[in-house]
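Read through the structure below, which is laid out as structure tokens, and then see the notes.
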Amino acid sequence: MPLMNQNTLIPNNCHRSRVIYVGNVAIGGGNPVVVQSMTNTDTHDVESTVKQIHRLTEAGCEIIRIAIPDMNAVASIPLIKQAISIPLITDIHFDWRLAVESIKAGADCIRINPGNLGGKEKTLAVVKTAQEYNIPIRIGVNSGSLEHSVREKYGHPCAEALAESALNNLTLIEDMGYKKLKLSLKSSDVLTTIKAYEIVAQKTDVPLHLGVTEAGGLIAGTVKSSIALGRLLMQGIGDTIRVSLTRDPEEEIQVAYEILRALKIRERGPEIISCPTCGRCEIDLFSIAERVEQYARKIPYPIKLAVMGCVVNGPGEAREADVGLAGGKGNGLIFRGEKILRKVPEDRLFEEFIKEVDLLVKQIEDKQGQKS
Ligand code: SF4
């Protein structure tokens, strides 16, 4: 797993994974941690699915997964593939034929749980097709769908049960002669998730896809994912990540990048520092901060923006940022780094702030243009 800079706390003795490729995206072996998501559109509705994938791609999604519930959904794969620019993983449960046919239809990777495909022979047929088409398989073990024998042995879906199921399935496929594999072990319980990945990371060099399943809505899901993924990533465990939220998947991408940014693993888009406000704030900072956040989503550069309520901490934070504002009484100061640029009335604060952000973005782009 690569490190963004020396401030990171990630140790050197992290999980060393083998490299696989999903489409043109390299995973494992020190490549950047990849951000994934899953569509929540009906896969039969190609137009809506493609539109959602385009929006997710713009937000920073690097690999997308779609559900394949039946053969009609398989028919959508080539149509979706030709309209998108990021690798496509198909998600299959129960019916091995859907896995075989989705590989033939052009999937860049399939996600299966060999435990629910109906036996070794059927899994072998899937593995042989993946080998023939040279695409990787993600073995996805989930606490809700552990095989009977493992459930019997442990009595409940604990971390050890998840890890044993994952390692059994991994061995099953590796014994069939196939090594282009990725593993995920998901539980909705944070501590179970952490422990299960920690066990598996000690025992295999297969790349690991991290996630907490059914994590919940924006607040619960963000907290659970941040703790589980944060703890694992800080140990150097994890090659791809997905934050699962009962929300628009675009928000999953934003949360995923914030986790990576906080750990100084990867940066994408602006970092926004904003204060919670208190009795000293005399402007409507919430609405300004929200508008800045919306605006910043379309900026891909890792600039730092500060949106602060008053002059107590405001100017200090604003000066540390590339562009900052600090509220006053019905007005505010606009900063560019150390420099106070001007004082503007509150009703012009957002526009004047954005004017400076746009100028900065243009300077970055001009510089990049000169280099290339
Ligand atoms: Fe309160 Fe000012 Fe700090 Fe914001 S910056 S929390 S308004 S003291």
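The values are calculated or read from the model by the stated rules, or taken from the named source; none is laboratory data. The shown structure was predicted, so the numbers you read here are calculated from the model rather than taken from an experiment. As a convention, Cβ positions derive from the backbone with ideal geometry for all residues, glycine included, and neighbour counts pool all protein chains shown. The area values use the complete protein model at the heavy-atom level, side chains included, leaving out ligands, DNA and RNA. Shrake-Rupley method; radii C 1.70, N 1.55, O 1.52, S 1.80 Å.
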- line: Between Glu47 and Val223, the two model label points (7 Å from Cα along the beta-carbon direction) sit apart by a distance in nm of 4.1 nm
- request: Past 18 Å, Cα to Cα, is the threshold; run Lys203/Lys224; Lys81/Lys104; Lys122/Lys186 against it and keep the listed order.
  value: Lys203/Lys224; Lys122/Lys186
statement: One quarter of the C-alpha convex hull surface, i.e. the mean projected area of region 146-234 in nm², amounts to 6.1 nm²
query: Under 16 Å Cα-Cα from Lys304, which lysines qualify once same-chain neighbours fewer than 8 residues away are excluded?
result: Lys264, Lys339, Lys355, Lys362
query: So for the chain: antiparallel DSSP bridges make up what percent, rounded to the nearest 5?
result: 30 percent
query: Taking a quarter of the surface of the convex hull around the Cα atoms of region 271-371, what do you get in nm²?
result: 5.9 nm²
- request: Straight distance only, please: which aspartates and glutamates reach the Cα of Lys179 with their own Cα at less than 14 Å, same-chain residues fewer than 8 apart left out?
  value: Glu132, Asp205
- prompt: Quick one: net charge of Glu62's neighbours, Cβ under 13 Å, K/R +1, D/E -1?
  reply: 0
message: Give the aspartates and glutamates whose C-alpha is closer than 15 Å to that of Lys153, dropping any in the same chain fewer than 8 places away, or say none.
response: Glu164
statement: Listed by chain and number, the residues whose amide H is under 5 Å from that of Gly238, excluding neighbours fewer than 5 places away on the same chain and using placed H, are Leu208
task: Roll a 1.4 Å probe over the protein chains and send me the accessible area per residue for the chain in Å².
output: 45 Å²
- line: Quick calc, the chain, dipole around Cα centre from Cβ unit charges on Lys, Arg (+) and Asp, Glu (-), nearest 20 debye, gives 800 debye
query: Assuming R0 = 25 Å, what is the FRET efficiency of Glu152 and Ala125, from their Cβ-Cβ distance, to the nearest 0.05?
result: 0.40
field: Hull-based mean projected area of the chain, where the convex hull spans the alpha carbons, in square nanometres
entry: 20.3 nm²
- line: Taking the chain and counting helices only, DSSP H stretches of n ≥ 4 at -39,500 (n - 2.57) each over all residues, the nearest-500 ellipticity at 222 nm comes to -14000 deg cm²/dmol
field: Estimated FRET transfer efficiency when R0 is 56 angstrom, pair Asp248-Lys343 (beta carbons, to 0.05)
entry: 0.90
task: Run the accessible area of region 3-267 with a 1.4 Å probe and give the carbon-and-sulfur part as a rounded percent.
output: 51 percent
